[in-house]
């Protein structure tokens, strides 16, 4: 379990780093072919192709993503890994607007036939500031 936790958290960090760097090759490796992202800002659903196209065109940019792996809850059920974590991020939308948010996210990973983990689903929920 410790190895799975470390591996899944490394994959999470690699995903965040690839988004910030706009590293399409790394994103292609990390994301499952049937990857689905549910957007934190509006709940829009995007598949792997859409995410890669937006990142490649520069329409979707992540100048910064801070993650907090020590707080993450990691569960492994067979060949499925689930990471519930927290981020602070800034990003630029395709229309040029910027957005900053603290979020809780759920990432679902699946191991392939070679036991390599691939991110299959990602969803974030905004953490609203205390009033």
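Here the contact order of the chain, divided by its residue count and restricted to Cα pairs under 8 Å and six or more residues apart, works out to 24 percent. Once the C-beta distance of residue 33 and residue 68 is scaled by a Förster radius of 35 Å, the resulting FRET efficiency is 0.75 to the nearest 0.05. Using only Cα atoms, find the angle between the long axis of helix 2-21 and the longest principal axis of the chain, and express it within 0 to 90 degrees, rounded to the nearest 10. It is inclined by approximately 30 degrees. Compute the acute angle (0 to 90°) between the alpha-carbon long axis of helix 48-57 and the principal axis of greatest extent of the alpha-carbon atoms of the chain; round to the nearest 10°. The angle comes out near 50 degrees. Computed from label points 7 Å out along Cα-Cβ, the spacing between residue 6 and residue 41 is 3.8 nm. With both labels modelled 7 Å from their Cα along Cα-to-Cβ, the residue 54 to residue 93 distance reads 1.0 nm. When shorter helices are ignored and each DSSP H run of at least 4 residues is given -39500 (n - 2.57), the per-residue value for the chain at 222 nm works out to -9000 deg cm²/dmol.
With a Förster radius of 22 Å applied to the beta-carbon distance between residue 75 and residue 126, the computed FRET efficiency rounds to 0.45.
No value in this document is a laboratory result; all are computed from the given coordinates. Quantities reported herein were computed from a predicted structural model and do not represent experimental measurements. Glycine also receives a Cβ, built like all others from the backbone with ideal geometry; neighbour counts cover every protein chain displayed.
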